[in-house]
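Before any comments, here is the structure.
All of the numbers you see were taken from the coordinates with simple rules; none came from a lab. Keep in mind that this is a model prediction, so the values were computed, not measured. Cβ: placed from backbone, ideal geometry, glycine included. Neighbour counts: every protein chain shown.
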Amino acid sequence: MRSTRKAKNGTSPASEAAPVIPSLEARRRLTMEASAKRSEELRAQKIRDIKARIAQGTYHVDAAEVAKSIARSELARLLDGKRSNPAKRKKS
């Protein structure tokens, strides 16, 4: 028979000495959660800064950059799905 000895505080010595080592999946999940939280905080700060600049009248938009961004987005949307995949081409 095994005897279990309790420490002075009433817990077993094994429970005090066993460190918890999270699995790789748990560490990845924790890292992703922390990253998402930082992203949300950064986005909120960026929005506060833009609102403050708008209120002060110092926020200016570069129309050329906006036009380039719209053109890139539309071009990507139009080309998405229409690109041929060489691996799927049928050989004649």
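Restricting everything to alpha-carbon atoms, can you work out Rg to Rh for the range 23-80 with a Kirkwood hydrodynamic radius? Walk me through the intermediate numbers first.
On the way: Rg = 17.9 Å, Rh = 14.8 Å.
A ratio of 1.21.
Each of Lys37 and Ala67 was given a label point 7 Å from its Cα along the Cα-to-Cβ line. The distance between the two points is 4.5 nm.
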